[in-house]
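The values are calculated or read from the model by the stated rules, or taken from the named source; none is laboratory data. What you are looking at is a predicted structure, and each value in this text was computed from that prediction instead of being measured. Cβ: placed from backbone, ideal geometry, glycine included. Neighbour counts: every protein chain shown. Accessible surface is based on the protein model in full, side chains and every heavy atom, while ligands, DNA and RNA are left aside. Shrake-Rupley method; radii C 1.70, N 1.55, O 1.52, S 1.80 Å.
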Amino acid sequence: MPLVNSKEMFKKAYEGGYAIGAFNVNNMEIVQGITEAAKENNAPVILQVSAGARKYAKHVYLTKLVEAAIADTDLPIVLHLDHGADFEICKSCIDGGFTSVMIDGSHHAFEDNIALTKKVVDYAHERGVTVEGELGQLAGIEDDVNVSAENAHFTDPAQVEEFVTRTGVDSLAIAIGTSHGAYKFKPGQKPELRFDILEEVSKRLPGFPIVLHGASSVTQSDVQIINQFGGKMPDAIGIPEEMLRKAASMAVCKINIDSDLRLALTASLRQYMFEHPDHFDPRQYLSPARDHIKELVAHKLINVLGCAGKA
């Protein structure tokens, strides 16, 4: 099965009341852990690559890893650019085999965001590639994304119809209270998602796929393991899974997950190296890390996203 774009995948998700997991990938073990979980649960999946991942692993290595995952699993997989900063990086990914790209013009003025997004859409659609745009800005830090709480703002539902109509985007990322990175909320601060905004957006864009960024739940067991074996992570609160399940049952068709994967990998590595200080073979400590990622992703597919059995 070749790579697919997100069009039919999102259509089925919207009609079925579930969301597709969009998991950020950086190396072979992460790709394998995600796709093995998806295969065992017969789930469609989006593998997404950030600008930071492209700098770290190189474009060609990541695309070949994803091609290998398709050959190994025969699953419908979308290869997606996460947070494309400008037209040039989107063009590079489109020309380099990606089937979906995100152009993040949310930090620009509304008209500039429209102009930039439409330019990417025009180029992508001519080549069968789907495009995700963004309105509203999430706070937090993750790779090249760095938005202070002061500069973050919710999506204005009154703008979504004009934005989608004028740009022609295939999906829209909105800001309703999620946040990038592991340190989303301070201890004692209650996470709240603005489901009223999501509901109003879905009324204005009936049948249109919505995307949530910054939706990792920040698995506390992994934070505790990291700290138990020499880490110094402060208490961190993520997005409660029941809120994500609710969003997936509404108009949200794609939920991004990155920090949870990083925490799972790091927790497994720290524990293994602490318990086996004399081991130096990467296969020994990366194998349980891959298995832990697989376990985490399976949980997300079944209990959070609701997309198990939907491939």
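A few points about this structure:
- Filter on Lys118/Lys190; Lys91/Lys300; Lys190/Lys254; Lys55/Lys119 - keep pairs with C-alpha separation over 26 Å: Lys118/Lys190; Lys91/Lys300
- Met233-Ser287 pseudo-label distance in nm [points 7 Å out on the Cα-to-Cβ vector]: 2.5
- For Lys39, the shell of other residues with beta-carbons less than 12 Å away shows a net charge of -3, using +1 for Lys and Arg and -1 for Asp and Glu.
- Per residue, the chain exposes 43 Å² of solvent-accessible protein surface, assessed with a 1.4 angstrom probe and all protein chains in place.
- Virtual spin-label span in nm between Phe280 and Lys190, 7 Å along Cα→Cβ: 5.4
- Share, in percent, of DSSP beta bridges within the chain that are antiparallel, nearest 5: 15
- The length gained on full extension between Glu199 and Ala158, counted as 0.36 nm times the residue separation minus their Cα-Cα distance, comes to 13.5 nm.
- Helix runs (DSSP H) in the chain reaching 20 Å along axis by Cα, Kyte-Doolittle at least 0.0: 59-73, 259-275
- Taken about its Cα centre, the chain carries a charge dipole of roughly 300 debye when the Cβ of each Lys and Arg holds +1 and the Cβ of each Asp and Glu holds -1.
- Accessible carbon and sulfur surface of the chain relative to its total accessible area, %, 1.4 Å: 52
- Candidate aspartates and glutamates - alpha carbon under 13 Å from Lys232, same-chain residues fewer than 8 apart omitted: Asp222
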